[in-house]
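One structure is given below, encoded as structure tokens.
Derivation of every value follows stated rules applied to the coordinates shown; laboratory data play no part. Source: prediction; values computed, not measured. Glycine also receives a Cβ, built like all others from the backbone with ideal geometry; neighbour counts cover every protein chain displayed.
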Amino acid sequence: MTSQEIKNLKTKIFSEITTDLTFDEFDKYTFKNPFSLRLSYKGYVLICKTFSAYFIRLDKQYTAGNLIHIGQKIPYPYYLTKEKIILFHEGDAVWLKLKGDLTKWLKSL
């Protein structure tokens with residue numbers, strides 16, 4: 001995704017949630033960095049109040065390559081820890097559970 005596409009999506013998400021934050025505060029508070037849709041913990045908590053979240057336990061730790069591919073291939077926010085990934089798209093959550101492996105799932109996107 002281009003930086004403009006990411007900003008457009010963040011703007012759309014911002015318009016859907018209830019918050020007293022300005023857009024710039026929302027962007028800084030919610031996402032790990034301005035060029036990514038990866039959520040911070042606080043962002044994850046905020047987004048979960050409005051959107052359905054799908055939790056998938058990871059059997060093995062993700063790699064740096066996985067992080068790059070997630071950022072390139074997932075066109076919506078996600079939250080990632082060492083043990084789990086939380087997606088905000090039901091279809092992708094189902095496919096990831098069926099694949100059973102983050103690397104295999106990313107290759108299939």
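Here Gln61 meets the list (1) assigned to a loop (DSSP other than H, G, I, E, B); (2) within 15 Å of the chain's Cα centre (by Cα) almost entirely, failing just condition (2).
Restricting the first member to the stretch 57-77 and to residues that are at negative phi, and the second to residues that are among the polar types (S, T, N, Q), the beta-carbon pairs closer than 7 Å and six or more apart or on different chains are Asn66/Thr103; Gly71/Ser36.
Of all residues in the stretch 82-92, those satisfying the criterion of being part of a helix (DSSP H, G or I) and within 26 Å of Phe26 (Cα to Cα) are Glu90, Asp92.
Apart from one condition, Tyr79 fits all of (1) assigned to a helix (DSSP H, G or I); (2) under 18 Å from Met1 (Cβ atoms); (3) of a type outside the set (Lys, Arg); the exception is (1).
Within the stretch 28-40, is even one residue surrounded by 12 or more Cβ atoms within 10 Å (Cβ to Cβ), among the aromatic types (Phe, Trp, Tyr) and in contact (Cβ under 8 Å) with a residue 40 or more places away in the chain? Yes; the residues of the stretch 28-40 include at least one that is surrounded by 12 or more Cβ atoms within 10 Å (Cβ to Cβ), among the aromatic types (Phe, Trp, Tyr) and in contact (Cβ under 8 Å) with a residue 40 or more places away in the chain. Looking across the stretch 64-76, the residues that are in a helix (DSSP H, G or I) and surrounded by 13 or more Cβ atoms within 10 Å (Cβ to Cβ) come down to Asn66, Leu67, His69, Ile70, Gly71, Lys73.
Do we have any residue at all in the stretch 16-23 that's surrounded by 17 or more Cβ atoms within 10 Å (Cβ to Cβ) and not small (Gly, Ala, Ser)? No, the stretch 16-23 contains no residue that is surrounded by 17 or more Cβ atoms within 10 Å (Cβ to Cβ) and not small (Gly, Ala, Ser). Scan the stretch 89-99 for residues that are exposed (fewer than 11 other Cβ atoms within 10 Å of the Cβ) and either of a type in the set (A, V, I, L, M) or at positive phi (or both) and the total you get is 1.
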